[in-house]
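A.B. asks: Sharing a structure here in structure tokens format.
The values are calculated or read from the model by the stated rules, or taken from the named source; none is laboratory data. These numbers come from a predicted model, not from an experiment. Cβ coordinates were reconstructed from backbone atoms using ideal geometry, including for glycine residues, and neighbour counts include every protein chain displayed. Surface accessibility is based on the protein's heavy atoms, side chains included, excluding ligands, DNA and RNA. Shrake-Rupley method; radii C 1.70, N 1.55, O 1.52, S 1.80 Å.
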Amino acid sequence: YVFRTTNGGASYSKIAKLMASDAGSFHSFGFAVAIDGDTVVVGAYGATGAVYVFRTTDGGATYVEVAQLTSSSSDRFGYSVAIDGATIVVGAYVDQGQTGAAYVFRTTDGWSTYTEIKLTASDAASLDMFGYDVAIDGDAIVVSSHGADDAEVDGNNSGAAYVFRWSDASATYVEVAKLTASDPAKQDLFGGSVAIYGDTIVIGAYGDDDAGSGSGSAYLFRTTDGGATYAQLAKLTAPDADRDDYFGFAVAIDGATVVLGAWGDDDAGSKSGSAYVFAIAS
């Protein structure tokens, strides 16, 4: 469903209900969604997996399905989606025995035609779940791999995230960084969620257990050299963190504002959930 406000956010009205042109049982259409300007992207990871692209040319009065993106070689294609302008990123974390992959689609004609680029981690391994979540801003793409192992902590699923940047020289995306937590631990699931805005990346680690098993955390990274290197700025935790809150399960960033979801928080009853807003100091 698409909602829009005309009064600065005081209220929202439903303007469209979107459905796939080939809708079917267990397609899971709507599991992942993203929007940029007049374009809406919807993931449907069920069955063989697909992503649908809708566009409006009349201010939202109507939306038309302009493309269906698929990949014959991957499972859970469409589990995560992101869009920036004429570029869409799709996660497929079950690809190749849960090694995972991400797919980038680029168009120059409003999705009548497009090119596809497949991204994989430089150190890909089985069960890494690369592509569990994806994010894009400009020429930078972040792909999570929350099943990745860190040999230093002798445990599975400490997690990682990878940063790719567009290279004009090679006309493709190049892996420029692998991000891990400064304090990795078994089952932290670092990379369970990712977001990017400009030079700043937010990565959720909802399995972190600093305040009890599954209390959760998130990490901020920033580049000051155009993406050549990234440094960890901060580790965020909830002020009332508790066991099984899963803080960091969802993350978002815009400007200096970061929002973190904690669906397991039980302030209003078991698993009632909450979200936390942080301001990044300049």
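A.B. asks: Would you rank 1, 93 by solvent-accessible area, highest first, keeping every protein chain in place and using a 1.4 Å probe?
C.D. replies: 1, 93
A.B. asks: In a Gaussian network model over the chain where Cα atoms closer than 10 Å are linked, find which of 26, 190, 77 has the largest mean-square fluctuation.
C.D. replies: Looking only at 26, 190, 77, the largest GNM fluctuation is found for 26.
A.B. asks: Now, a different point. To the nearest 20 Debye, how big is the dipole of segment 1-145 about its Cα centre, given +1 on the beta carbon of each Lys and Arg and -1 on that of each Asp and Glu?
C.D. replies: Around 440 debye, computed over segment 1-145.
A.B. asks: While we're on this one: For residue 115 and residue 3, calculate 0.36 nm times their separation in residues minus their Cα-Cα distance, and state this gained length in nm to one decimal.
C.D. replies: 37.3 nm
A.B. asks: Give me the percent of accessible area attributable to carbon and sulfur for the chain, probe 1.4 angstrom.
C.D. replies: 49
A.B. asks: Still on this model: Report, to two decimal places, the Cα Rg of segment 231-282 normalised by 2.2 N^0.38 Å (N = number of residues). Walk me through the numbers on the way to the answer.
C.D. replies: Values: Rg = 11.7 Å, N = 52, 2.2 N^0.38 = 9.9 Å.
Dividing the Cα radius of gyration by 2.2 N^0.38 Å gives 1.19.
A.B. asks: Which three extents, in whole angstrom, do the alpha-carbon atoms of segment 164-217 cover along their principal axes, largest first?
C.D. replies: Projected onto its principal axes, the Cα set of segment 164-217 covers 47, 21, 15 Å.
A.B. asks: Can you tell me the dipole magnitude for segment 177-237 around its Cα centre, using point charges on the Cβ only (Lys, Arg +1; Asp, Glu -1), in Debye to the nearest 20?
C.D. replies: 120
A.B. asks: For residue 270 and residue 122 in the same chain, what is the full-extension length gain: residue separation times 0.36 nm, less their Cα-Cα distance, in nm?
C.D. replies: That pair, residue 270 and residue 122, stretches by 49.2 nm at full extension.
A.B. asks: Moving to a separate point now. Report the semi-axes of the equivalent ellipsoid for segment 87-188 in whole Å, largest first, where each axis is √(5λ) for an eigenvalue λ of the Cα gyration tensor. Please list the in-between numbers first.
C.D. replies: Numbers: eigenvalues 147, 38, 21 Å².
In descending order, the three semi-axes are 27, 14, 10 Å.
A.B. asks: For the chain, just the Cα atoms, rotate onto the principal axes and tell me the three extents in Å, largest first.
C.D. replies: 49, 47, 42
A.B. asks: Let me ask something additional. Which one, 12, 52, 132, has the greatest fluctuation when you compute a Gaussian network model over the chain with C-alpha springs under 10 angstrom?
C.D. replies: 12
A.B. asks: Something else about it: Wrap a convex hull around the Cα atoms of segment 85-125, take a quarter of its surface area, and give that in square nanometres.
C.D. replies: With the hull built on Cα positions only, its mean projection is 3.2 nm².
A.B. asks: For a quick size check, give me the Cα extents of segment 140-243 along its three principal axes, largest first, whole Å.
C.D. replies: That gives 47, 28, 18 Å along the principal axes, largest extent first.
A.B. asks: Using Cα springs under 10 Å in a Gaussian network model of the chain, which residue among 126, 193, 272 shows the largest mean-square fluctuation?
C.D. replies: 272
A.B. asks: Calculate log10 I(q)/I(0) of segment 60-141 for q = 0.19, 0.24 Å⁻¹, where I(q) comes from the Debye formula with a single equal point scatterer on each Cα and nothing for solvent.
C.D. replies: The Debye formula, applied to the Cα set alone, gives -0.80, -1.14.
A.B. asks: Once the dipole of segment 1-100 is set up with Lys and Arg at +1 and Asp and Glu at -1 on Cβ about the Cα centre, which of 66, 98, 56 lies farthest towards its positive end?
C.D. replies: Going by the Cα projections, it comes out as 56.
A.B. asks: Is there a quick way to get the dipole size of the chain? I mean about its Cα centre, with the Cβ of Lys and Arg at +1 and of Asp and Glu at -1; what is the value in debye to the nearest 20?
C.D. replies: So the magnitude is around 820 debye.
A.B. asks: How far apart, in nanometres, would the label points at residue 172 and residue 19 be if each is projected 7 angstrom from Cα along the Cα-to-Cβ direction?
C.D. replies: Modelled inter-label distance: 4.1 nm.
A.B. asks: Applying a 10 Å radius around every beta-carbon, put 165-174, 27-36 in order of their mean neighbour count, most first.
C.D. replies: Going from most to least packed, we get 27-36, 165-174.
A.B. asks: Sticking with this one: Would you work out which of 89, 144, 174 lies farthest towards the positive end of the dipole of segment 75-181? Charges go on Cβ: Lys and Arg +1, Asp and Glu -1.
C.D. replies: Farthest towards the positive pole: 89.
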